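Here the structure comes first, spelled out in structure tokens, and everything after it is commentary.
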Amino acid sequence: MAAVPFKHFLVVSDFDQTLSFNYSGQILSDLIGIKDFRQKVDGLASSNLVQQGAELAYLIRHDPAFRGVRRAHLAEAGRLARLRSDIPALVEFLKRGLDGFQFSFYVISAAPQEVIQAALAGTVPADHIVGTEFEYDPDSGEVQSIRRVPAGYGKVAAVEELEERLGISPDRTIYVGDGSSDVHVMLHVNNRDGFTIAVSENRMLARIAQSTVISDSAFSVLIPILERIVGWRSGEIREFFESYALRLHEWEKARTDRVTIVGSSVIPPQIVTPAELGASHAGDAVA
């Protein structure tokens with residue numbers, strides 16, 4: 001019997017308030033004692049001086065209050081970030097894939113790359129993280145220039161680069177984001193028949209995203225993927241979550257999936273699909 005051909009999907013997630021509950025800039029500002037960070041960001045936003053999401057990069061490079069920022073500060077801010085639960089289980093599942101489905105997971109964010117790498121160390125490989133890249137003065141350690149900021153259309157370009165590198169067609173790109181800074185990339189993914197998931201109730205994003213999932217668990221983004229991409233039914237998805245020692249305690253289905261997941265994720269030694277679970281139960285009944 002011929003093997004089932006793999007459908008290869010690119011899964012891209014934002015970082016700030018998507019995989020974490022915090023904004024990197026606020027964590028960094030608190031760390032180095034800057035009290036008026038929010039006012040600075042609001043001022044940049046009202047002036048339309050920089051792309052939405054790129055405010056922190058601009059401040060680090062140009063604002064005198066941020067002149068003392070070094071690599072070590074960025075890494076420490078990453079270690080202080082409060083992450084959503086079950087990220088390791090999400091990453092491990094996507095790495096394993098399913099029969100007929102292969103997933104490549106990447107994080108693309110305007111947050112400094114050092115912040116994201118420190119926050120997700122040991123969970124997401126460094127070469128699967130695309131963040132803001134700075135060049136540092138070799139003597140003082142200060143940021144002397146910005147090499148790249150994946151914000152606005154810069155995030156769109158980063159997604160296209162990954163699609164080309166991995167040989168994945170645009171209709172097999174899945175993007176997960178939380179706010180207004182994700183609008184450009186979500187519109188881009190939608191326009192090329194990809195799939196978009198919002199993890200917040202941002203009104204602008206809710207009109208654009210094809211699915212919205214509200215949960216404290218990062219693993220919850222698999223619900224629309226398993227339902228809309230893989231084609232599983234609700235009961236099959238519940239059984240799958242239980243195989244990870246997670247229970248969908250509350251699942252309010254509308255256009256927005258509101259999910260409360262109970263338990264601490266346990267990565268099973270092998271992924272058992274609902275069909276295989278059903279076959280196993282049938283065998284037990286016969287026995």
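The values are calculated or read from the model by the stated rules, or taken from the named source; none is laboratory data. All values derive from a computational prediction rather than experimental measurement. No Cβ is skipped: glycine too gets one built from the backbone with ideal geometry, and neighbour counts run over all protein chains shown. Please note that ligands, DNA and RNA were not included when accessible areas were found on the heavy atoms of the full protein model with its side chains. Shrake-Rupley method; radii C 1.70, N 1.55, O 1.52, S 1.80 Å.
The residues of the chain expose, per residue, 47 Å² of accessible area to a 1.4 Å probe. You can think of it this way: the chain between PHE6 and GLU160 has 53.4 nm of extra reach, that is 0.36 nm per residue less the Cα-Cα gap. Of all alpha-carbon pairs in the chain, indicate the percentage at a distance above 36 angstrom. When all Cα pairs of the chain are counted, 19 percent exceed 36 Å. What number in nm² do you get for region 68-191 if you take the convex hull of its Cα atoms and divide its surface by four? Here the figure is 8.8 nm², rounded to one decimal. Counting only protein chain heavy atoms and rolling a 1.4 Å probe, the accessible areas of ILE32, ILE237 rank, largest first, as ILE32, ILE237. Charge dipole (Cα centre; +1 on Lys/Arg Cβ, -1 on Asp/Glu Cβ; no other charges) of the chain amounts to roughly 300 debye.
Positive-end ranking of TYR136, VAL213, LEU120 along the dipole of region 116-221, with charges on Cβ about the Cα centre, is headed by VAL213. Largest first, the three principal axis extents of the alpha carbons in region 136-266 are 56, 35, 32 Å in whole numbers.
For ILE146, the solvent-accessible surface computed with a 1.4 Å probe is close to 60 Å², ligands and nucleic acids excluded.
ARG79 sits with roughly 140 Å² accessible to a 1.4 Å probe, with DNA, RNA and ligands left out of the calculation.
Since only GLY68, SER24, LEU80 are under comparison, the one whose Cα sits farthest along the positive direction of the charge dipole of region 1-92, derived from C-beta charges on Lys, Arg, Asp and Glu, is GLY68. Taking amide H atoms as placed 1.01 Å from N in the peptide plane, the amide H of GLN102 lies under 5 Å from those of LYS7, HIS8, PHE9, each 5 or more residues away in sequence or on another chain.
Antiparallel beta bridges, as assigned by DSSP with both residues in the chain, represent about 30 percent of the total such bridges. Here ASN48 and ARG147 are evaluated by their C-beta separation; at R0 = 35 Å the FRET efficiency comes out at 0.95. Taking every Cα-Cα distance in region 1-152 and sorting them into 10 Å bins starting at zero, the pair-distance distribution P(r) comes out as 11, 38, 30, 14, 6, 2, 0 percent. Among GLU239, GLU114, GLU161, the largest mean-square fluctuation in a Gaussian network model of the chain (Cα springs under 10 Å) belongs to GLU161. Estimated at the nearest 10 Å², the accessible area of ARG192 is 70 Å² with a 1.4 Å probe.
When +1 charges are put on Lys and Arg Cβ atoms and -1 charges on Asp and Glu Cβ atoms, the dipole computed for region 73-221 relative to its Cα centre reaches about 460 debye. With R₀ set to 45 Å, the beta-carbon distance separating TYR136 from ASP193 gives a calculated FRET efficiency near 0.65. Which of LEU59, LEU49, LEU187 moves most in a GNM of the chain, Cα contacts under 10 Å? Of the options given, LEU49 has the highest mean-square fluctuation. Annotation: amide H of VAL130 within the under-5 Å range of VAL107, ILE108, SER109, sequence separation 5 or more or interchain, hydrogens built in the peptide plane.
Full extension of the chain between GLN270 and GLU242 yields a length gain of 8.7 nm, computed as 0.36 nm times the residue separation minus the alpha carbon distance. Note on the chain: with a GNM built from Cα contacts shorter than 10 Å, the maximum mean-square fluctuation among GLU142, GLU133, GLU250 falls on GLU250. Among LYS35, LYS95, the sequence by solvent-accessible area, most first, with a 1.4 Å probe is LYS35, LYS95. The order of MET186, MET204 by accessible area, most exposed first and with a 1.4 Å probe, is MET204, MET186.
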